[in-house]
Amino acid sequence: NTVNDSYFQFEPGIAASAPVGLGAFTAEYAPAFRAGANFAATQDPSHILTGTLDLPFGSDSQFTISDRFVASTLDAREVDPGGEYFFDLASFQRNLVSANARLAVGPRLFVDLGGSYNRVSFDEQGGFFPYENRMVSAGMGYEVSPNLRATLSYVYDEVPTPEERPEAEASASSALVTAACTPSCPRPIDPRSSP
């Protein structure tokens, strides 16, 4: 049966940054508090905490490591991005740790190495199951222009056998071609803003 609920949501946030050598560490905390809700899932607050360390080194090389922690009940997409988990919600914690290194090997050529570890756990039994997800990637990139980078990458993604849902075990290998704008890339012009 479909049920309706309404509530007031308050989302304060705090961000901080500090220099670390030639790089920087940034942290953000974004909770969500709800009032006037009728169900436990909508009454529970959400907490999202992220931290990122960026360290440049060598000539045009960069190392980045980040951690994203989420404690919630209502934000089911954090658990299942596919959107199939929307009933029998339970309180969960998700922790995603990722690292990436971009190594310059020539004037316009670079190597990208990355990896991540994602873990989802629940405080009680509900409509989904705890699991882990691991990913590693390696790619070769080329700086097409000062503002555009193209990369060809190999990615291996694995979900080890979850104890509560063995059939969810999976692994995949894929090749990706990406084109990315650097932060200094000019914004596209919105034709609606033209005189």
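The values are calculated or read from the model by the stated rules, or taken from the named source; none is laboratory data. Values in this document were obtained by computation on a predicted structure and should not be read as measured data. Please note: Cβ atoms are built from the backbone with ideal geometry, for glycine as well, and neighbour counts cover all protein chains shown. These accessible areas exclude ligands, DNA and RNA; they are computed on the full protein's heavy atoms, side chains included. Shrake-Rupley method; radii C 1.70, N 1.55, O 1.52, S 1.80 Å.
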For this session: Using only alpha carbon pairs under 8 Å that are at least six residues apart, calculate the relative contact order of region 47-145 and give it in whole percent.
Result: 23 percent
Exercise. Where the accessible area of the chain is counted over protein heavy atoms with a 1.4 Å probe, how much of it, in %, is carbon and sulfur?
Worked result: 58 percent
Seminar exercise, completed: With 0.36 nm assigned to each residue of separation and the Cα-Cα distance removed, LEU22 to ASN38 gains 0.8 nm
Problem set entry | Estimated inter-spin distance, THR182 and ALA138, nm [label 7 Å along Cα→Cβ] | 2.6 nm
Problem set entry | Intensity falloff of region 1-69 expressed as log10 I(q)/I(0), Debye formula with alpha-carbon point scatterers, at q = 0.18 Å⁻¹ | -0.75
For this session: Would you mind giving the three semi-axes, in whole Å and largest first, of the ellipsoid equivalent to region 120-176 according to its Cα gyration tensor?
Result: 35, 13, 7
Exercise. With every protein chain present, what is the per residue accessible area of the chain (1.4 Å probe, Å²)?
Worked result: 65 Å²
Seminar exercise, completed: With -39,500 (n - 2.57) per DSSP H segment of 4 or more residues and division by the full residue count of the chain, the 222 nm estimate, nearest 500 deg cm²/dmol, is -500 deg cm²/dmol
Seminar exercise, completed: For region 51-61, Karplus-derived ³J(HN,Hα) couplings (6.51, -1.76, 1.60; θ = phi - 60°; whole Hz; x for glycine and proline) come out as x, 9, 10, 10, 10, x, 7, x, 9, 6, 10
Exercise. So for the pair GLU167, LEU53, with labels modelled 7 Å out along Cα→Cβ, what separation do we get in nm?
Worked result: 4.2 nm
Problem set entry | Compactness of the chain - radius of gyration and Dmax, Cα, Å | 20.6, 61
Exercise. Can you give me the relative contact order of the chain as a percent, contacts being Cα pairs under 8 Å and 6 or more apart?
Worked result: 11 percent
Exercise. Once you have the alpha carbon radius of gyration of region 43-106, what is it after dividing by 2.2 N^0.38 Å, with N set to its residue count?
Worked result: 1.58
